[in-house]
Amino acid sequence: MDNPLEESYQIVYTDQPEWDVIGGGINDFNAQQAGDDNGKNLCFVLKAPGGEIVGGVIGATYWDWLYVNLMWLKAELRGHGFGSQLLLAAEAEARQRGAKHAYLDTFSFQAPEFYKKCGYEVFGVLEDFPAGHRRYFLQKEL
């Protein structure tokens, strides 16, 4: 049996993702299903004495969760406590916003052991992502 809609709709490739349309659509649907997520971005940066940004953490809070999206420090600053301070700042801000949990993902060549030392626990692993490495998914109760 033929679907008459198939004749009038077409799937096309675009180099410019339609974030507003597609993201807005899924956000509306999610709000209908789970209520307002109260989403809000957060960012803390580490600045050198001259003002240069030498590290930071970017995330968001929604539905009582903190999502740590990106975290980075210049190589020479790793192992000096700055990463822990950045992560603690993000977690503290998330708690102020009502978050009770946090989650993130990282690769085996990045910082899974750092996050484990900060109290995060692995809840999922993708093997060979990228080839020869793993992608870890971690969470923590705040």
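The values are calculated or read from the model by the stated rules, or taken from the named source; none is laboratory data. None of the values given here were measured: they were computed from a predicted structure. A quick note on method: Cβ atoms are made from the backbone with ideal geometry, for glycine too, and the neighbour counts reach across all protein chains shown. Calculation scope for accessible area: heavy atoms of the full protein, side chains included, ligands and nucleic acids excluded. Shrake-Rupley method; radii C 1.70, N 1.55, O 1.52, S 1.80 Å.
Give me the residue from segment 94-121 that is farther than 28 Å from Asn38 by Cα and polar (S, T, N, Q) and, out of that set, most open to solvent (accessible area, probe 1.4 Å). Checking each candidate, the answer is Gln110.
If I ask for residues that are open to solvent by less than 70 Å² (accessible area, probe 1.4 Å) and not hydroxyl-bearing (Ser, Thr, Tyr), which ones from segment 46-64 would you list? Steps first, please.
Of the residues in segment 46-64, the ones open to solvent by less than 70 Å² (accessible area, probe 1.4 Å) are 46, 48, 51, 54-57, 59-62.
Hits for segment 46-64 are Leu46, Ala48, Gly51, Val54, Gly55, Gly56, Val57, Gly59, Ala60.
Within the option set Val45, Val54, being under 25 Å from Arg97 (Cα atoms) and either touching a strand residue (DSSP E or B) at 6+ places or on another chain (Cβ under 9 Å) or assigned to a helix (DSSP H, G or I) (or both) holds for one residue only, Val45. Among the residues making up segment 65-84, those that are open to solvent by less than 70 Å² (accessible area, probe 1.4 Å) and assigned to a helix (DSSP H, G or I) are Ala75, Leu77, Phe82, Gly83, Ser84. May I ask you to verify whether Gly23 is closer than 29 Å to Gln110 by Cα and at pLDDT below 95? So Gly23 fits the description; yes.
Does Leu87 meet the test of being open to solvent by less than 50 Å² (accessible area, probe 1.4 Å), touching a helix residue (DSSP H, G or I) at 6+ places or on another chain (Cβ under 9 Å), part of a helix (DSSP H, G or I) and at pLDDT 95 or above? Please lay out each step first, then the result.
Numbers: open to solvent by less than 50 Å² (accessible area, probe 1.4 Å): yes; touching a helix residue (DSSP H, G or I) at 6+ places or on another chain (Cβ under 9 Å): yes; part of a helix (DSSP H, G or I): yes; at pLDDT 95 or above: yes.
So Leu87 passes the test.
Considering segment 33-45, and only residues there that are open to solvent by 100 Å² or more (accessible area, probe 1.4 Å) and modelled with pLDDT under 95, the residue that is farthest from Gln85 (Cα to Cα) turns out to be Asp36.
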